[in-house]
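Taking it in order: structure first as structure tokens, then the write-up.
The values are calculated or read from the model by the stated rules, or taken from the named source; none is laboratory data. The structure displayed is predicted, hence computed values, not measured ones. No Cβ is skipped: glycine too gets one built from the backbone with ideal geometry, and neighbour counts run over all protein chains shown. Areas reflect the complete protein model, heavy atoms only, side chains present, ligands, DNA and RNA absent. Shrake-Rupley method; radii C 1.70, N 1.55, O 1.52, S 1.80 Å.
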Amino acid sequence: MLIPAHHFRDIERKPEYLQPEKCIPPPHPRPAGTMWFIRDGCGIACAIVTWFLVLYAEFVVLFVMLIPSRDYVYSVINGLVFNLLAFLALASHCRAMLTDPGAVPKGNATKEFIESLQLKPGQVVYKCPKCCSIKPDRAHHCSVCKRCIRKMDHHCPWVNNCVGENNQKYFVLFTMYIALISLHALIMVGFHFLHCFEEDWTKCSSFSPPTTVILLILLCFEGLLFLIFTSVMFGTQVHSICTDETGIERLQRKKQRRERRGSWKSVKETFGGDFSLNWFNPFSGPRHPKPLSDRDWVRQVSSVSDTENTETTTTTTEEPSEEPKNEAFVEVVDE
């Protein structure tokens, strides 16, 4: 049996290479039901800025454009639509930030756990030396969260969290609703400028004309910037879901031999079942993830990066020897 490897990875015949004695559970495991929150200064600052920008848009839309307007039907309809979208956007942001994205149990690369997997010939397990965890397939380590995340797409500072298996729906909804309120705000700014040009500037706003112009220009700049940014992110996420390929897998150009789910099946699993209004509800989660079984932690040798571009390749040939037949290969991965 040929086992491909390269200079970034070492494949050993001895499970002791994992050094399971150095892998102990964290001293203070998280109690069940504990809220997920990443204590990252940059991420917290970005999350606060996100809320501030949405609330700024809320202030300008209400107190500069809608409340001073004499068209009450126009004000009520646009006020309800904008506030509903803003509420859904902030709710989606909170769910994306406070939901466990799919973290792998930390410190589970212990001797007892490895033995419980009952590895067979031709099977490998991946260990993350950074968080001392056995990594299931398609899991990647996040240096900010300091955890391995299942189906990690990327770490987003704007939600102060990774986008992974359990919270991708909320991130998609967040980008969609931000794009919608940005587009709505830009349309209202355009109509308001036309209204103020046709009438006296002193009558179209409760603020002075210079202040009104500055507030509207800032909102227009903010709306245009976030419309472009969130629209691109929304399209990227939808493409990742439909192709069943995360952003990290796409950037690393991994061509792993794995079964890909159909586009519609992947979409339904992400958004929580058949199409319904719950797809757009940030308070309705995706399907409850199944607990990882033993086979989820184990991978076959034939699927180990045999199509990746490498500078050097080392092969090991398994020959009949006195080694036990149930000996398994163990791979230590630095990511």
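Scanning region 141-189 for residues that are closer than 30 Å to V213 by Cα, within 13 Å of the chain's Cα centre (by Cα) and of a type in the set (A, V, I, L, M, F, W, C) gives W158, F174. Looking across region 34-68, just one residue is of a type in the set (S, T, Y) and free of Cβ contacts under 8 Å to residues at least 24 places away in the same chain, and that is T34. Within region 172-188, the set of residues being in contact (Cβ under 8 Å) with a residue 40 or more places away in the chain and open to solvent by 30 Å² or more (accessible area, probe 1.4 Å) comprises M176, L180, L183, L186. The residues on offer are F191, F221, and the sole one that is modelled with pLDDT of 95 or more, in a helix (DSSP H, G or I) and surrounded by fewer than 17 Cβ atoms within 10 Å (Cβ to Cβ) is F221.
Taken over region 70-88, the criterion of being in contact (Cβ under 8 Å) with a residue 12 or more places away in the chain and either of a type in the set (S, T, N, Q) or touching a Ser or Thr at 6+ places or on another chain (Cβ under 9 Å) (or both) is satisfied by N78, N83. Being within 28 Å of L183 (Cβ to Cβ), at pLDDT 85 or above, open to solvent by 40 Å² or more (accessible area, probe 1.4 Å) and under 14 Å from the mean Cα position of the chain (by Cα) is the requirement here; does F234 meet it? Yes, satisfied.
Contact map, region 97-126: first residue on the phi > 0 side of the Ramachandran plot, second residue in a helix (DSSP H, G or I) and open to solvent by 20 Å² or more (accessible area, probe 1.4 Å), Cβ cut-off under 8 Å, separation 6 or more or different chains; pairs are Q118/D294; G122/S302. Report yes if F197 is part of a helix (DSSP H, G or I), more than 17 Å from the chain's Cα centre (by Cα) and at pLDDT below 85, otherwise no. Spelling it out, F197 is indeed part of a helix (DSSP H, G or I), more than 17 Å from the chain's Cα centre (by Cα) and at pLDDT below 85.
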